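Engineer: Mind looking over this structure? Questions follow.
The values are calculated or read from the model by the stated rules, or taken from the named source; none is laboratory data. This structure is a prediction, so every number in the text was calculated from the model and none was measured. Here the Cβ positions follow ideal geometry from the backbone for every residue, glycine too, while neighbour counts run over all protein chains shown. Ligands, DNA and RNA are stripped out before the accessible areas are found, and what is left, the full protein with its side chains, is counted by its heavy atoms. Shrake-Rupley method; radii C 1.70, N 1.55, O 1.52, S 1.80 Å.
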Amino acid sequence: MNKVLVPLAKGFEEIEAVTIIDVLRRAAIEVLVASLDTNNLIKGANGITVQTDVEIKKITSDEIDMIVLPGGWDGTHALADDENVQRLLKEMDAKGKNIAAICAAPFALNKAGVLKQNYTCYPSVEEQIRTEGYQGDSAMVVEDGNVLTSRGPATAICFALEIVKKLKGQEKYEMLKGGLLATYCK
């Protein structure tokens, strides 16, 4: 069974986080929702609180197959500044394991030095990352090596489905895509 870590920090984008968690669990992927500290109730950017399963410092790169960062500007900055998130990103990349980020969160990947050449993110965030390799709205999800990136709340279902495809294959992807009525995802 695949295991995916989704770290949440205060100010995370709720649509993105919940969509990722929900779609992956529908695909029978184990999702660990992690907090950055002992507080397991994390308030998102729009005032919705989500309960986490584990504190991130208790997670090692050996026990997970992928790490997925939801966006939200305040949450992204906290992920970029958290030593455990940054450590896991670097370890995952060094092992060739899958990494994904949506919305503003590619900023945290860039800080860890794991963002590949081609990527996308929420419009304007690229100005704080780099414009070289920024794919803009040419695709809802950009894959480069072991890294997947996506644009924002409206692309969250397609992003989560691409993660499912990467971990579970085309058949599971097609089944979920149909069940979710996400025919707009390519």
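Engineer: Looking only at segment 114-127, which residues are touching a helix residue (DSSP H, G or I) at 6+ places or on another chain (Cβ under 6 Å) and more than 21 Å from LEU8 (Cα to Cα)?
Structural biologist: Selection gives TYR119 alone.
Engineer: Further question: Across segment 161-186, what is the number of residues that are under 16 Å from MET66 (Cβ atoms), open to solvent by 20 Å² or more (accessible area, probe 1.4 Å) and assigned to a helix (DSSP H, G or I)?
Structural biologist: 6
Engineer: Determine, yes or no, whether CYS158 is assigned to a loop (DSSP other than H, G, I, E, B) and under 20 Å from PHE12 (Cα atoms). Write out each step before concluding.
Structural biologist: Numbers: assigned to a loop (DSSP other than H, G, I, E, B): no; under 20 Å from PHE12 (Cα atoms): yes.
Spelling it out, it is not the case that CYS158 is assigned to a loop (DSSP other than H, G, I, E, B) and under 20 Å from PHE12 (Cα atoms).
Engineer: Just a yes or no: is a residue in segment 127-147 under 13 Å from the mean Cα position of the chain (by Cα), modelled with pLDDT of 95 or more and of a type in the set (Ser, Thr, Tyr)?
Structural biologist: No, because not a single residue in segment 127-147 is under 13 Å from the mean Cα position of the chain (by Cα), modelled with pLDDT of 95 or more and of a type in the set (Ser, Thr, Tyr).
Engineer: Quick check, is THR120 of a type outside the set (Lys, Arg) and without any contact (Cβ under 8 Å) to a residue 12 or more places away in the chain?
Structural biologist: Numbers: of a type outside the set (Lys, Arg): yes; without any contact (Cβ under 8 Å) to a residue 12 or more places away in the chain: no.
So THR120 fails the test.
Engineer: Kindly list, by first and then second residue, each pair from a residue in segment 41-53 that is more than 14 Å from TRP73 (Cα to Cα) to a residue that is surrounded by 12 or more Cβ atoms within 10 Å (Cβ to Cβ) and modelled with pLDDT under 95, limited to pairs with Cβ atoms under 6 Å and residues at least 6 apart or on different chains.
Structural biologist: none
Engineer: Sort out which residues of segment 83-102 are within 12 Å of LEU69 (Cα to Cα) and open to solvent by 10 Å² or more (accessible area, probe 1.4 Å), and write them in order of number.
Structural biologist: Once the filter is applied, which keeps residues that are within 12 Å of LEU69 (Cα to Cα) and open to solvent by 10 Å² or more (accessible area, probe 1.4 Å), segment 83-102 yields GLN86, ASN98.
Engineer: So, one more: Right, LYS10: out of contact with any Leu (no Cβ under 9 Å at 6 or more places or on another chain) and either touching a residue at least 40 places away in the same chain (Cβ under 8 Å) or at positive phi (or both) or not?
Structural biologist: Answer is no for this residue.
Engineer: Turning to a different aspect of this structure: Looking only at residues in segment 25-63 that are assigned to a loop (DSSP other than H, G, I, E, B) and of a type in the set (A, V, I, L, M), which one is surrounded by the fewest Cβ atoms within 10 Å (Cβ to Cβ)?
Structural biologist: Looking at residues that are assigned to a loop (DSSP other than H, G, I, E, B) and of a type in the set (A, V, I, L, M), I get ALA28.
Engineer: Which residue pairs have Cβ atoms closer than 9 Å, lie 6 or more positions apart in sequence or on different chains, and pair a first residue in segment 135-146 that is under 12 Å from PRO123 (Cβ atoms) and in contact (Cβ under 8 Å) with a residue 12 or more places away in the chain with a second residue that is open to solvent by less than 60 Å² (accessible area, probe 1.4 Å) and part of a strand (DSSP E or B)?
Structural biologist: These pairs meet every condition: GLN135/TYR119; GLN135/VAL142; GLN135/THR149.
Engineer: Report whether or not LYS111 is charged (D, E, K, R), touching a helix residue (DSSP H, G or I) at 6+ places or on another chain (Cβ under 8 Å) and within 18 Å of ASP74 (Cβ to Cβ). Spell out the reasoning first.
Structural biologist: On the way: charged (D, E, K, R): yes; touching a helix residue (DSSP H, G or I) at 6+ places or on another chain (Cβ under 8 Å): yes; within 18 Å of ASP74 (Cβ to Cβ): yes.
Yes, satisfied.
Engineer: For segment 146-160, what are the residues that are small (Gly, Ala, Ser) and open to solvent by less than 60 Å² (accessible area, probe 1.4 Å)?
Structural biologist: Passing the criteria: SER150, GLY152, ALA156, ALA160.
Engineer: Can you pull out the residues in segment 107-142 that are open to solvent by less than 30 Å² (accessible area, probe 1.4 Å), under 17 Å from CYS158 (Cβ atoms) and part of a loop (DSSP other than H, G, I, E, B)?
Structural biologist: Of everything in segment 107-142, those that are open to solvent by less than 30 Å² (accessible area, probe 1.4 Å), under 17 Å from CYS158 (Cβ atoms) and part of a loop (DSSP other than H, G, I, E, B) turn out to be THR120, CYS121.
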